[in-house]
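Taking it in order: structure first as structure tokens, then the write-up.
The values are calculated or read from the model by the stated rules, or taken from the named source; none is laboratory data. Only a predicted model underlies this, so the values are computations on that prediction, with no experimental measurement involved. Cβ coordinates were reconstructed from backbone atoms using ideal geometry, including for glycine residues, and neighbour counts include every protein chain displayed. The area values use the complete protein model at the heavy-atom level, side chains included, leaving out ligands, DNA and RNA. Shrake-Rupley method; radii C 1.70, N 1.55, O 1.52, S 1.80 Å.
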Amino acid sequence: GLNGEIVLRDPSSLSKLFTLPAHNGPITGLDAKMDLLVTCGISTFRNEYATDTSLKVFDLRMAPRPLSAIPFPIGAQLIKYSPKFSSTLFGASSNSFQLADVAALISLPPVYRFASPDISAMDVSPSGEVMVAGDMRGDIAVWTDSQMSAVNPHQSSI
């Protein structure tokens, strides 16, 4: 939300079940896998807004609760779990991306830079082998770790 809180609601009645404080400014991205929810967002310091340099991790089992934050020096504005690895998360700022291990609560070097300084969208292929990012001009950057990456894990040759 705009106030940095996550509100979990009952799917039937939409009544509020839990409120979790995440960031002290707007949440800019979130993703969930299994029982863990991860957020990135904006924080305020002396009435100035800045991208938060930590990812917030929440355990959603039974009574949801915050876990330790993951230091993320590039300040992620967008996040997406990797479908390929159970605890790996991609985090992107306006001009770079980095991986994090949610189970170990650490960010992983190195930091990868985009050619564009205006990244506004990011996604990871269902195979987990390709990450794409789009900028405000309409350019798309594609990152992969091999020449023969599959976008769809179920693709077959025709």
For LEU108 and SER86 in the same chain, what is the full-extension length gain: residue separation times 0.36 nm, less their Cα-Cα distance, in nm?
6.4 nm
DSSP loop (so not H, G, I, E, B), at most 16 other Cβ within 10 Å: list which chymotrypsin sites (Phe, Trp or Tyr not before Pro) in the range 12-88 pass both filters.
PHE85
Rounded D (µm²/s) - the range 15-71, Kirkwood Rh over Cα pairs, Stokes-Einstein at 20 °C, 1.002 mPa s
179 µm²/s
Kirkwood Rh for the range 1-146 from C-alpha pairs, in Å, is 15.8 Å
Got a number for carbon plus sulfur as a percent of the range 18-158's accessible area, 1.4 Å probe?
57 percent
Can you tell me the dipole magnitude for the range 1-153 around its Cα centre, using point charges on the Cβ only (Lys, Arg +1; Asp, Glu -1), in Debye to the nearest 20?
300 debye
Taking only protein heavy atoms into account and a 1.4 Å probe, give the accessible area per residue of the chain in Å².
59 Å²
Dipole of the chain (Lys/Arg Cβ +1, Asp/Glu Cβ -1, origin at the Cα centre): which of PRO26, LEU99, THR51 lies farthest to the positive side?
PRO26
Given GLN147, LEU78, SER127, which one lies farthest toward the positive end of the charge dipole of the chain, if we put +1 on the Cβ of every Lys and Arg and -1 on the Cβ of every Asp and Glu?
LEU78
Loop sites only, by DSSP: take the trypsin sites (Lys or Arg not before Pro) in the chain that have at most 12 other C-beta atoms within 10 Å and name the longest stretch containing none of them.
62-136
Can you tell me the FRET efficiency between VAL7 and LYS33 if r is taken as the Cβ-Cβ distance and R0 is 35 Å, rounded to the nearest 0.05?
0.95
